[in-house]
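Visitor: Below is the structure I would like to discuss, written out as structure tokens.
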Amino acid sequence: MASDPTILISKKLFLSFLLICMVVAPPPAMAAITCDTVFNDMQPCLSYVLVGGSVPTECCSGLKSLLASATTTADRQSACSCVKNLASAATGEEVSRAASIPGQCGSNVPFKISPDVDCSKVN
């Protein structure tokens, strides 16, 4: 049973195309969440963290948006690292207010808001 030469050429071209795609494809993405993402989403919370008062509605919306964007472990670890870095530069009162935001917004953050959190353990 003879094979059609056109089909063989098409198969070779297809395999060559797949090989080229594998070679030039970017590596699997790491975290899509950056510190800019965290800052932009959480910026409405800044006044509350710095001076207290009540948590603005926009702050809760930003937190929920950030949590919805953090779909992978790498995303959540990246967000954790950004928050940890910010917490490291904050006063104890500011960290305490920041840590209270998820509860006041009815959201669950998958890590402790603290300068001492181990972000590598965030799933």
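The values are calculated or read from the model by the stated rules, or taken from the named source; none is laboratory data. Just so you know, these numbers come straight off a predicted model, no measurement behind them. Neighbour counts run over all protein chains shown; Cβ positions are idealised from the backbone, glycine included. For the accessible areas, the whole protein counts, side chains as well, though only heavy atoms, and no ligand, DNA or RNA atoms are used. Shrake-Rupley method; radii C 1.70, N 1.55, O 1.52, S 1.80 Å.
Visitor: Within the stretch 35-76, work out how many residues are among the polar types (S, T, N, Q), part of a helix (DSSP H, G or I) and either out of contact with any Ser or Thr (no Cβ under 7 Å at 6 or more places or on another chain) or touching a residue at least 60 places away in the same chain (Cβ under 8 Å) (or both).
Guide: If we filter the stretch 35-76 for residues that are among the polar types (S, T, N, Q), which is where we start, we get 37, 40, 43, 47, 54, 57, 61, 65, 69, 71-73.
With the extra rule that they be part of a helix (DSSP H, G or I), the set shrinks to 37, 40, 43, 47, 57, 61, 65, 69, 73.
Applying the additional criterion that residues be either out of contact with any Ser or Thr (no Cβ under 7 Å at 6 or more places or on another chain) or touching a residue at least 60 places away in the same chain (Cβ under 8 Å) (or both) yields 40, 43, 47, 57, 61, 65, 73.
Adding up the residues that qualify gives 7.
Visitor: I'd like to check something: does the stretch 105-119 contain any residue that is part of a loop (DSSP other than H, G, I, E, B), in contact with a Cys (Cβ under 7 Å, 6 or more places away or on another chain) and more than 18 Å from PRO44 (Cα to Cα)?
Guide: Yes: one or more hits.
Visitor: Output the qualifying pairs, or none if there are none: Cβ atoms under 8 angstrom, residues six or more apart or on different chains, first residue in the stretch 105-117 and more than 9 Å from CYS80 (Cβ to Cβ), second residue part of a loop (DSSP other than H, G, I, E, B).
Guide: Hits for this filter: CYS105/VAL55; PRO115/ALA90.
Visitor: Return yes or no: is LEU15 over 22 Å from the mean Cα position of the chain (by Cα) and modelled with pLDDT under 90? Let's see the steps before the verdict.
Guide: Numbers: over 22 Å from the mean Cα position of the chain (by Cα): yes; modelled with pLDDT under 90: yes.
Taking the combined requirement at face value, the residue satisfies it.
Visitor: State whether one or more residues within the stretch 101-123 are open to solvent by 40 Å² or more (accessible area, probe 1.4 Å) and of a type in the set (A, V, I, L, M).
Guide: Narrowing the stretch 101-123 to residues open to solvent by 40 Å² or more (accessible area, probe 1.4 Å): 103-104, 106, 108, 110, 112, 115-116, 118, 120-121, 123.
Next, only the ones that are of a type in the set (A, V, I, L, M) stay: none.
No; the residues of the stretch 101-123 include none that is open to solvent by 40 Å² or more (accessible area, probe 1.4 Å) and of a type in the set (A, V, I, L, M).
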